[in-house]
Structures are given as C-alpha cells and as structure tokens.
1. Which numbered condition in (1) part of a helix (DSSP H, G or I); (2) within 24 Å of ARG166 (Cα to Cα) is the only one that VAL136 fails?
2. Scan segment 220-241 and give yes if some residue there is at pLDDT 85 or above, assigned to a loop (DSSP other than H, G, I, E, B) and more than 26 Å from TRP108 (Cα to Cα), otherwise no.
3. Tally the residues that are crowded, with 19+ Cβ neighbours inside 10 Å and more than 20 Å from the chain's Cα centre (by Cα), restricting the search to segment 168-219.
4. Restricting to segment 141-158, give me the number of residues that are surrounded by 21 or more Cβ atoms within 10 Å (Cβ to Cβ), part of a loop (DSSP other than H, G, I, E, B) and acidic (Asp, Glu).
5. In this structure, does GLY107 turn out to be in contact with a Gly (Cβ under 8 Å, 6 or more places away or on another chain) and either at pLDDT below 95 or within 20 Å of VAL209 (Cα to Cα) (or both)?
6. I need a count of the residues in segment 148-170 that are within 27 Å of SER214 (Cβ to Cβ), modelled with pLDDT under 90 and not basic (Lys, Arg).
7. With (1) more than 11 Å from the chain's Cα centre (by Cα); (2) in contact (Cβ under 8 Å) with a residue 60 or more places away in the chain; (3) surrounded by 14 or more Cβ atoms within 10 Å (Cβ to Cβ) as the list, and GLY118 as the residue in question, which single condition is left unmet?
Amino acid sequence: MAKNDRAKEEKKAQRSTKRAQRKQTRSQMWQAFNIQRKQDNKLIPYMLLALLLPAVLLFLLGFVWGNKWLWLIIGLILGATLAMLVFSRRLQRSVYDRASGQAGAAGWALDNMRDGVGMKWVTKQGVQVNNHMDLVHRVVGTPGVVLVGEGEKQRIKPMMDNERRRLVRIVGDTPIYEVVSGEGEDEVPIKKLQRHLMKLPRNIKKQEVDSLTSRIESLDNVRGNMGMPKGPVPNQAKVQKGMNRRARRAAQRNKH
C-alpha cells in the first residue's frame, strides 16, 4: 500500500510539474509576442494572412470536394501552424538583428543549432580567445569540424590556424571548415550562420559525431592540464631552483 501511495504521489507531482512548465511556456510565448508586435508592425498582418489563407482556400475547395466544414477546420489548424511559424521566424530574425555586432553573438547562434534528420551539432565556444576578445568557436557535426571566428579577420586567422594544427592530429582525414561571422566581405552574417553550416556537405554519419567529439575533448583536457606555462620563470621558482643547487653542492662536500 505504501509503495502504491508513493507511486501515486510521484505521478501527481510529475503532472503538476508538467502543468507548471506548460503554463510558464505559454506565459513566455505571450510575453515574447507582445514585445515583438510592438517592434514589428507587420507581424499581426502576416500572422492573420497565414491563418486565414489556408482556411479560406480549403473551405472553397470543400464546395467541390464536399465536407466543406471539415475542410474549414483542417484549414484553420493548418493556418494556425503557419501563423506560429511566421511568428517564430520573425522573432528569430529580430533577435539576430539585435545580437549582430555584439561579442559572443556567433557562439550564441551556434549553441542554438538543433539536431535534425541525419544531422547533429556539438558546439564549444571560445576554444581560442585573444586579448581583443576575438573568438574562435568549434562545432563538431556531420560536415566534420567547423571553426567559426568572430572579430577582426586579420587577428582571427592565426587563431584559426593554431586550432586547425591542434585538430589535425586528432581528426585525421575528417574535413575542417573555417567560417568568419560578420557583415564584411566573405563573412557570414549571424542570422545566416546556422543555415550556412547546414548547407555544408555531410561527410560523417550522425552516430560518429559523439565519438569524434570525445577524441577532440580529450585533447582539450590535455591542454587544460598542461604543466608550467611557457614564458619567464617566476621569481619564486628561481629561488627554489637556487636552493636545490646549493643543497646538492653541500651534499657533495660532505661526501668528500
């Protein structure tokens, strides 16, 4: 009895959590819609057009095919779906326009890439960073490895070359692509970045992406646990080295 009661309580808690999540999602969508409609005067006309056009078209065809009211309902369902698609696309475009030019915008766009049929994406932001806050992000997916830079192109190029040299030892013949995000010549705007990556050829299978990512991340772990960094030796290390040298000399004199 006690187990059954606990199971019922757990199911009740799960249902309550799901209801709360759905309510929160609806609230967020409504807030996003209100914000977007104030900034985008064409949003509501386009959404109404997407909603009503399929409904009217299928209703008229219903006079020919029969069951016009059934086709009207189907048209309204289809129109509601299209209206939500219009809203999401215009909202996404607005977000990209506001994010364009800000540091880390490309990484944000890459993090929001969705897996699909035959596609998988694993993003790691800031695998190369300099003092000017130029960034190189790494995406592992079905095309292979894609290095995406954002910042000054002349400063990004050596950073991407450095990352490429590191990766070649691990990925072997897997293709490595380089993309620079921005509004300049031969650069890909933020709002087109996801589409650009999705158009790249699929060189590896979806199930191979995780194993390739694991091999690359093992290299990241080695880099993250390097010993003493290159450059001048700290004063404390110099003092310790001198003390060890004097101790060895003293030990040698005692032997004699």
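1. All conditions pass for VAL136, except number (1).
2. No, segment 220-241 contains no residue that is at pLDDT 85 or above, assigned to a loop (DSSP other than H, G, I, E, B) and more than 26 Å from TRP108 (Cα to Cα).
3. Number of matching residues: 1.
4. Looking only at that region, the number is 0.
5. When the stated conditions are applied, GLY107 passes them.
6. The qualifying residues number 1.
7. (3)
Residue-by-condition table, conditions (1) of a type in the set (S, T, N, Q); (2) under 28 Å from the mean Cα position of the chain (by Cα); (3) exposed (fewer than 12 other Cβ atoms within 10 Å of the Cβ); (4) under 12 Å from LEU91 (Cβ atoms):
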{"residue": "ARG6", "(1), (2), (3), (4)": "no, no, yes, no"}
{"residue": "GLU9", "(1), (2), (3), (4)": "no, no, yes, no"}
{"residue": "LYS12", "(1), (2), (3), (4)": "no, no, yes, no"}
{"residue": "ARG15", "(1), (2), (3), (4)": "no, no, yes, no"}
{"residue": "ALA20", "(1), (2), (3), (4)": "no, yes, yes, no"}
{"residue": "THR25", "(1), (2), (3), (4)": "yes, yes, yes, no"}
{"residue": "ASN34", "(1), (2), (3), (4)": "yes, yes, yes, yes"}
{"residue": "ASP40", "(1), (2), (3), (4)": "no, yes, no, yes"}
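The values are calculated or read from the model by the stated rules, or taken from the named source; none is laboratory data. Everything quoted here is computed from the prediction, not taken from an experiment. Positions of Cβ are generated from backbone atoms using ideal geometry, with glycine treated the same way; all protein chains shown enter the neighbour counts.
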